[in-house]
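Engineer: Here's a structure for you.
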Amino acid sequence: MLMFPEIRMRRLRKGKIRNLVRENLLSLDDLVHPIFVDETIEDIQEISSMPGVYRFPLSEVAKEAREVTELGIPAVILFGIPGHKDAEGSSAYGEHDVIQEAVRRIKAEVGDELVVITDICMCEYTDHGHCGIVDFAAEEVLNDPTLEILGKIAVSHARAGADMVAPSGMMDGMVGAIRRTLDEHGFETLPIMSYAAKFHSSFYGPFREAADSGYSFGDRSSYQMDPANSDEALREAALDVAEGADILMVKPALPYLDIVYRVKHELEMPTAAYAVSGEYAMLKAAAANGWLDEEKTVYEALLSIKRAGADIIITYFAKDIARRLR
Ligand code: PBG
């Protein structure tokens, strides 16, 4: 094997040669921009733990979608904050509930110029804040009764015009249940992006403020994955493929790049990574203190997610990156 001085790695690191041998690029087409839609507000509200990220009233979502489209971002994912919460999350699937209205308004504004993905979960709609139906006596989140509701939510989003649904509740069998229900209602061509490996992560902290989805007892460790595990993530992902998932998501992203890598390379499916609220807050806070160069670190962080194997990156920095890439 040739070694130094015949081999000099630095030969390819100068000037335009460096660009020629670059292996990965972040592109606008990789990005999904999250939007929080709040039925209870009249004006746009900044989320204090996520400076630069806002909750939008229904009256402002179309404008935001237009702006995102003009920036060249191909997709948004919607999260709803409903006016009413109860134990069954009944305001998650009504024809005129917050997400259904938001989807219609966005679609009326931008049509097929923007892919509208909807998050399918109950935690923003339940008064106890858990991602499913709860047995209060046992303080347990019930799997199978939750599936039926997830199917209803998916169909209601599809009817409103959503282009893709993204179940995030980590219930067993959720992808299969949603696939069957969508098919029964004539939505067999609507893709499912599954939160296949979603970890029980402390990096979701700021999201709970953003989406008003903190919980009243316990935590989510009985359904979200143990951060210590990676083989289990592969089993989760493989099950979702078997149940009909079209895209697999890993979440969070930066602290879980090994999972992104394994899911992409072992399952060979379109793979998404969700750079979550805590990842955003962390970079923003350091940048605000002048400790990190925001533009450069954000680009590097997202590029790393790409390099690990993600085809799609869901990030609160999507608009910033889009402005920079243009
Ligand atoms: C809801 C949901 C959560 C996130 C996306 N969907 C929160 C949670 O599971 O607690 C987190 C997103 C983020 O932190 O940016 N199930």
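The values are calculated or read from the model by the stated rules, or taken from the named source; none is laboratory data. Here the structure is a predicted model, which means the values were calculated and not measured. As a convention, Cβ positions derive from the backbone with ideal geometry for all residues, glycine included, and neighbour counts pool all protein chains shown. Keep in mind that these areas ignore ligands, DNA and RNA; they rest on the heavy atoms of the full protein, side chains included. Shrake-Rupley method; radii C 1.70, N 1.55, O 1.52, S 1.80 Å.
Engineer: Among what's in the range 121-146 and is more than 17 Å from Gln224 (Cα to Cα) and part of a strand (DSSP E or B), pick the residue that is most open to solvent (accessible area, probe 1.4 Å).
Structural biologist: Asp135
Engineer: Could you list, in sequence order, the residues of the range 125-156 that are of a type in the set (S, T, N, Q) and at pLDDT below 95?
Structural biologist: Listed by number, the list is empty, since nothing qualifies.
Engineer: From the residues in the range 150-189 that are among the β-branched types (Val, Ile, Thr) and within 16 Å of the ligand (Cβ to nearest atom), which one is farthest from Ile247 (Cα to Cα)?
Structural biologist: Result: Ile153.
Engineer: Going through Gly205, Gly214, Gly218 one at a time, which residue ends up being surrounded by fewer than 17 Cβ atoms within 10 Å (Cβ to Cβ), within 16 Å of the chain's Cα centre (by Cα), over 26 Å from His265 (Cβ atoms) and touching a residue at least 60 places away in the same chain (Cβ under 8 Å)?
Structural biologist: Gly205
Engineer: Could you identify the single residue in Ala286, Ala275, Ala281 that is closer than 26 Å to Glu46 by Cβ, of a type outside the set (Val, Ile, Thr) and crowded, with 24+ Cβ neighbours inside 10 Å?
Structural biologist: Ala275
Engineer: Turning to a different aspect of this structure: Do you know which residues across the range 178-194 are free of Cβ contacts under 8 Å to residues at least 60 places away in the same chain, open to solvent by less than 40 Å² (accessible area, probe 1.4 Å) and hydrophobic (A, V, I, L, M, F, W, C)?
Structural biologist: Ile178, Leu182, Leu190, Ile192
Engineer: Just to be sure before I move on: is Ile149 in contact with a strand residue (DSSP E or B) (Cβ under 8 Å, 6 or more places away or on another chain) and either part of a strand (DSSP E or B) or open to solvent by less than 10 Å² (accessible area, probe 1.4 Å) (or both) in the structure I sent?
Structural biologist: No.
Engineer: Got a sec? Which of Val76, Val103, Val141 is in contact with a Leu (Cβ under 8 Å, 6 or more places away or on another chain), within 16 Å of the ligand (Cβ to nearest atom) and aliphatic (A, V, I, L, M)?
Structural biologist: Checking each option against the conditions leaves just Val76.
Engineer: Further question: May I ask you to list the residues in the range 152-163 that are surrounded by fewer than 21 Cβ atoms within 10 Å (Cβ to Cβ) and outside any helix (DSSP H, G or I)?
Structural biologist: Gly161, Asp163
Engineer: Of the conditions (1) surrounded by fewer than 19 Cβ atoms within 10 Å (Cβ to Cβ); (2) within 16 Å of Arg262 (Cβ to Cβ), Ala197 satisfies every one except a single condition; which number is it?
Structural biologist: Answer for Ala197: the failing condition is (1).
Engineer: Would you check which residues across the range 190-201 are outside any loop (DSSP other than H, G, I, E, B) and within 10 Å of the ligand (Cβ to nearest atom) and list them?
Structural biologist: Across the range 190-201, the qualifying residues are Tyr195, Lys198, Phe199.
Engineer: Please pick out the residue among His128, His84 that is within 14 Å of the ligand (Cβ to nearest atom) and more than 20 Å from the chain's Cα centre (by Cα).
Structural biologist: Result: His128 is the single residue among His128, His84 that is within 14 Å of the ligand (Cβ to nearest atom) and more than 20 Å from the chain's Cα centre (by Cα).
Engineer: Follow-up. Provide a single number: the residues in the range 289-326 that are over 24 Å from Ala238 (Cβ atoms), away from the ligand (no atom under 14 Å from the Cβ), within 16 Å of the chain's Cα centre (by Cα) and open to solvent by 10 Å² or more (accessible area, probe 1.4 Å).
Structural biologist: 1
Engineer: Another question about this same structure. Residue pairs, Cβ under 6 Å, 6 or more apart or interchain, first in the range 101-124 and in contact (Cβ under 8 Å) with a residue 24 or more places away in the chain, second of a type in the set (D, E, K, R) and assigned to a helix (DSSP H, G or I). List them.
Structural biologist: From residues that are in contact (Cβ under 8 Å) with a residue 24 or more places away in the chain, the pairs are Glu109/Arg66.
One line per residue, one yes/no per condition, for (1) of a type in the set (A, V, I, L, M); (2) touching a strand residue (DSSP E or B) at 6+ places or on another chain (Cβ under 7 Å):
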site: Leu254; (1), (2): yes, yes
site: Ile259; (1), (2): yes, yes
site: His265; (1), (2): no, no
site: Met269; (1), (2): yes, yes
site: Ala272; (1), (2): yes, yes
site: Ser277; (1), (2): no, no
site: Ala286; (1), (2): yes, no
site: Gly290; (1), (2): no, no
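Engineer: While we're looking at this one, here's another question. Within the range 25-55, can you find the residues that are within 16 Å of the ligand (Cβ to nearest atom) and over 15 Å from the mean Cα position of the chain (by Cα)?
Structural biologist: Hits for the range 25-55 are Asp38, Glu46, Ile47, Ser48, Ser49, Met50, Pro51, Gly52, Tyr54, Arg55.
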